[in-house]
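The values are calculated or read from the model by the stated rules, or taken from the named source; none is laboratory data. No experiment lies behind these values; they were computed from the predicted model shown. Note that we place each Cβ from the backbone using ideal geometry, even for glycine, and neighbour counts take in every protein chain shown.
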Amino acid sequence: MQTLEGRRLIRVRTYRADLRRPFPPSFAERLEGRRVEKLARRAKYLTIFLDDGWVWLIHLGMSGRMLIGPADDTRPGKHDHVIVETEEGLRVAYNDARRFGLMDLCAKTDLAEHPLLAALGPEPLEKAFTPAVLAKALSKRSGPIKTALLDQTLIAGIGNIYASEALFRAGIDPTRPAETLGLKEARPLVAAIKAVLAEAIEAGGSSLRDHRRPDGELGYFQHAFAVYDREGMPCPKCDCAEGVRRLVQSGRSTFYCAKRQR
């Protein structure tokens, strides 16, 4: 997607009226002719800043992906719902089999207050996300620490895989009440969160089912998993007999080592 930066959108086509929610009025017409000034991210939302002061907001959902290739006469795929072409002959197709994603347009000046973004917590890779900030936020949460990490109002952008991996690295039991973690334990957890996310970005994400990079290739971070999706396999950090365990928390699978994580 970074290849869109600086390019003008000359043709935008939508192939349905909605995704998870309807497209904004005159969506395609408002994008056509605009130049992309900057691409950024807020939590799991992609923010594309346009030269008219508006921002194209995208959430990929569970199965959405942006596929990049040359603009040609290739027919849209079955699940290509939005196709954008640039003046240089680049084509970007939003492909989403389940249609859990969404797109919206928002004035740049109103972006921080957009209903989808206003309640989000701090970005975990920013300097402002410190052990003190995390410890303070957790002090008000009585539920399990793993569930708290997935709360986007607490920390923005941590997914299920990376929460399990970060807790393993920090040696913290995912079932522990969040409020019991003080500043001392928040330090290794913040370090683990930042490291896991940085490594995942470098590897192009984790391809388990639907995820693909914009060039269509797989991400590779799944090959570095210590515990996620490794139930019953040996723990890479200790000699526990049981190996990696799995439990379900708030409908999501959690993987951990009962011996190492306290």
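When A128 is tested against (1) crowded, with 18+ Cβ neighbours inside 10 Å; (2) at pLDDT below 95, only condition (1) is not met.
For region 132-170, the set of residues classified as of a type in the set (S, T, Y) and more than 17 Å from A198 (Cα to Cα) consists of S139, S142, T147, T153, listed by residue number.
For region 122-160, a residue qualifies if it is touching a residue at least 60 places away in the same chain (Cβ under 8 Å), in a helix (DSSP H, G or I) and touching an Asp or Glu at 6+ places or on another chain (Cβ under 8 Å), but none of them does. Quick check: is even one residue across region 206-223 of a type in the set (A, V, I, L, M, F, W, C), modelled with pLDDT of 95 or more and not in a helix (DSSP H, G or I)? Among the residues of region 206-223, not one is of a type in the set (A, V, I, L, M, F, W, C), modelled with pLDDT of 95 or more and not in a helix (DSSP H, G or I), which makes the answer no. If you check A170 against the conditions, is it closer than 18 Å to K127 by Cα, out of contact with any strand residue (DSSP E or B) (no Cβ under 8 Å at 6 or more places or on another chain) and not basic (K, R)? Answer is no for this residue. Scanning region 47-56 for any residue that is assigned to a loop (DSSP other than H, G, I, E, B), modelled with pLDDT under 95 and either assigned by TED's automatic domain parsing to the domain that holds D80 or under 22 Å from T153 (Cα atoms) (or both) turns up nothing.
Pairing residues of region 2-23 that are in a loop (DSSP other than H, G, I, E, B) with residues that are of a type in the set (S, T, Y), at Cβ distances under 9 Å and at least 6 apart in sequence or on separate chains, gives R7/T86; L19/Y94; F23/T14. Across region 70-121, the number of residues qualifying as crowded, with 19+ Cβ neighbours inside 10 Å and free of Cβ contacts under 8 Å to residues at least 60 places away in the same chain comes to 4.
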